[in-house]
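Notes follow once the structure below has been shown.
Values quoted throughout were computed directly from the atomic coordinates according to the rules given, and no laboratory measurement underlies them. Bear in mind that the values here come from a model prediction, so they are computed numbers and not experimental data. Here Cβ is always computed from backbone atoms with ideal geometry, including for glycine, and neighbour counts include all displayed protein chains.
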Amino acid sequence: MLRFALVLFYSSLFSGSLVGWAQVRTKNLEVVDEKTTLSNAELASFKMLASQKVNELENYISTVGDKEQNETLRDLAIKNAEKLFIDTATIEVSRVVNGKVVRVTRLPVRQYFFRLKALPYKKVNITYYDVAYIRDYQKSANGNYVAQATIFQQFEGLDAKGRLRYKDKQAKNVTVLLTDLMDEFYANHRWTLRLGDIRLAETK
C-alpha cells in the first residue's frame, strides 16, 4: 500500500511528464505540421506510452474502488485519473442480473469515479485478469492518430460479513488519441496522448 501511495504521489507531482519525456526523446516530433506522418518506430514509442497510461488507469480504478484506502489517496487517484482523459470522454458502466446485462449507462469521467468511490458495498475488489491489449495506431482524416486498448476487469462487491453481493467480468475498449496540438509555451506543435471514451465490449 505504501509503495502504491508513493506512486500516486509522484504521479501527482509529475502529471503529464511522460508525454513530455516522449517528445524530448523523439526530437523530430517536437515540431510537426498537419501533414506529418509518424514513422513505425515513432508510433511504436507512443504505443508503449499508451500501454503505460492504460496501466495507470487500471491502478487508479482499483484504488478509487478500494474502501480500505484512505480518503486522501482515493481523491488523489481521481484527480490524476481525470488528467488522462480528454474533456468530453465518457465511460460505460453496466449491471448484470442473473447472468444478463440489464442496464448500460454512459457517464462523464469524473462522475464515473465518484460513483465508483461511493458504491454501497463494505468492500470492493477490482482486479485485472489479463494483460491490456493495445492495437496499432491508425491515422485519421484530420491527421491525428487513433488506437484502441482492451482491458479485462473483474469486479467484486462484498457486504460487512464478507459475503459476495455482486460480481462481474468485463472487457472494455479504451480509445487512445494521439493529437497534434499547439504548445503555447514553446510556440510550436507537439504530439499529445490522451484517453477518450471507454466502451463495454463484453460483460458476464
Excluding same-chain residues fewer than 8 positions from Lys169, which lysines have a Cα within less than 25 Å of its Cα?
Lys53, Lys67, Lys100, Lys117, Lys122, Lys123, Lys161, Lys204
Computed label-point distance, nm, for sites Lys83 and Lys169 using a 7 Å Cα→Cβ extension
3.4 nm
Looking at segment 97-204, which chymotrypsin sites (Phe, Trp or Tyr not before Pro) are DSSP coil and have at most 13 other C-beta atoms within 10 Å of their C-beta?
Tyr129, Phe185, Tyr186
Under 12 Å from the Cβ of Lys53, count the other residues' Cβ atoms, weight Lys and Arg +1, Asp and Glu -1, and hand me the total.
+1
Residue by residue through segment 133-139, the couplings from Karplus 6.51 cos²θ - 1.76 cosθ + 1.60 with θ = phi - 60°, in Hz, x for Gly and Pro, are 9, 10, 7, 5, 5, 10, 7
Cβ-defined net charge surrounding Phe113, 10 Å radius [Lys, Arg +1; Asp, Glu -1]
+3
Extension gain, Val104 back to Glu202 (0.36 nm per residue minus Cα-Cα distance, nm):
34.1 nm
Net +/- balance of residues flanking Tyr166 in space, Cβ distance below 9 Å, scoring K and R +1, D and E -1
+1
Restrict the search to segment 124-204; then list the GluC sites (Glu not before Pro) that DSSP places in a loop and that have at most 11 other Cβ atoms within 10 Å of their Cβ.
Glu184
PRE zone check, label point 7 Å out along Cα-to-Cβ of Phe114, amide N under 17 Å, scope segment 81-100, hits 81-83, 87-91
Which FRET efficiency value, to the nearest 0.05, is calculated for Ser51 and Lys161 with the Förster distance at 25 angstrom and r the Cβ-Cβ distance?
0.05
Do you know the relative contact order of segment 45-204, to the nearest whole percent, from alpha carbon pairs under 8 angstrom that are 6+ apart?
22 percent
Most exposed first by the Cβ proxy, i.e. fewest other Cβ within 10 Å, how do Val174, Val131 rank?
Val131, Val174
Nearest 0.05, what FRET efficiency do Ser39 and Arg95 give at R0 = 45 Å with Cβ-Cβ as r?
0.50
What GluC sites (Glu not before Pro) in segment 60-92 are in a loop by DSSP, with at most 12 other Cβ atoms within 10 Å of the Cβ?
Glu68
